[in-house]
Structures are given as C-alpha cells and as structure tokens.
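Here is the structure we will look at.
The values are calculated or read from the model by the stated rules, or taken from the named source; none is laboratory data. Given the structure is predicted, the values throughout are model-derived calculations rather than measurements. Every residue, glycine as well, gets a Cβ built from its backbone with ideal geometry; the counts of neighbours run over all protein chains shown. Note: accessible area is taken over every heavy atom of the protein model, side chains too, but ligands, DNA and RNA are not part of it. Shrake-Rupley method; radii C 1.70, N 1.55, O 1.52, S 1.80 Å.
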Amino acid sequence: RRHLDEGAISRLNSAAATLGEQIIAGASAAGVAAEVTRAGSIMNVHLREPGQLADLHLALLLGGVYTTPRGMINLSTALSPGDLDDIAAAFALAFTQVRRA
C-alpha cells in the first residue's frame, strides 16, 4: 500500500501549518521570541536568543519530543492529531522552561 499520496501530503502540510502556529503561540505566551519556517511538513524553529536553542532542545527531549539540535522537526503520517497536540503542549512547556533559564 501507498501511504504517502497527495491526500496524505496535504494533511501533513496542513498539520505542519497548524503546529507552526501553535508553536509560535506557545513561545509568545512564554515571552520567548521565536519564528517558525516551514517547507511542507519540514519545520524549523528559530529563536532570537541563540543561547536558548540548546535549552529548548533539551527541554523538548525531556518532554518526549525529538527535534534536531538546530530546531528542525519533521512530521510523519504516523502522527495522530493527539500526537500533534502533545507536541504543541511540549513546546509550550519547553518555552516556559527556556524563559526561566
């Protein structure tokens, strides 16, 4: 079976757009200056304070979310809507931890 068809790609892109907005909202609520760039379902989180990126990466790892150390995250068809909600919540918590650091 083919799992990555046009419909799946469209759903991934839509999920990435929503998650990107949620990440920015979490950063804003925590008082952390952040931007998200995206190409389809490949996203990168950029922080204005470069030293905060390592803190964000560690906080996310401890929260069960893997991103690359430079802030890249790739979505997969295996992720459910609940998984995406958990990722957004992990980012929000991580941003509060970064802000306190």
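Any chance region 53-68 includes a residue that's within 15 Å of Gln97 (Cβ to Cβ), of a type in the set (S, T, N, Q) and assigned to a helix (DSSP H, G or I)?
Initially, region 53-68 is screened for residues within 15 Å of Gln97 (Cβ to Cβ), giving 53-65, 67.
In the following step, the residues that additionally are of a type in the set (S, T, N, Q) were identified as 67.
Checking the rest, the ones that are also assigned to a helix (DSSP H, G or I) come to none.
So far as region 53-68 goes, no, none of its residues is within 15 Å of Gln97 (Cβ to Cβ), of a type in the set (S, T, N, Q) and assigned to a helix (DSSP H, G or I).
Take Asn44 and decide whether it is open to solvent by 40 Å² or more (accessible area, probe 1.4 Å), touching a residue at least 12 places away in the same chain (Cβ under 8 Å) and within 11 Å of the chain's Cα centre (by Cα).
Values: open to solvent by 40 Å² or more (accessible area, probe 1.4 Å): no; touching a residue at least 12 places away in the same chain (Cβ under 8 Å): yes; within 11 Å of the chain's Cα centre (by Cα): yes.
Answer is no for this residue.
Based on this model, can you work out whether Ile24 counts as touching a residue at least 12 places away in the same chain (Cβ under 8 Å), open to solvent by 30 Å² or more (accessible area, probe 1.4 Å), out of contact with any Cys (no Cβ under 9 Å at 6 or more places or on another chain) and of a type in the set (Val, Ile, Thr)?
Working: touching a residue at least 12 places away in the same chain (Cβ under 8 Å): yes; open to solvent by 30 Å² or more (accessible area, probe 1.4 Å): yes; out of contact with any Cys (no Cβ under 9 Å at 6 or more places or on another chain): yes; of a type in the set (Val, Ile, Thr): yes.
Yes, satisfied.
For every residue, the table says whether it meets (1) open to solvent by less than 80 Å² (accessible area, probe 1.4 Å); (2) more than 20 Å from Ala16 (Cα to Cα); (3) in contact (Cβ under 8 Å) with a residue 12 or more places away in the chain; (4) within 11 Å of the chain's Cα centre (by Cα).
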position	(1), (2), (3), (4)
Gly31	yes, yes, yes, no
Thr37	yes, no, no, yes
Gln52	yes, yes, yes, no
Leu60	yes, no, yes, yes
Thr68	yes, no, no, yes
Ala88	yes, no, yes, yes
Ala101	no, yes, yes, no
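Are any residues in region 25-64 in contact with a strand residue (DSSP E or B) (Cβ under 8 Å, 6 or more places away or on another chain), more than 13 Å from Phe95 (Cα to Cα) and among the aliphatic types (A, V, I, L, M), and if so, which ones?
Passing the criteria: Val36, Ile42, Met43.
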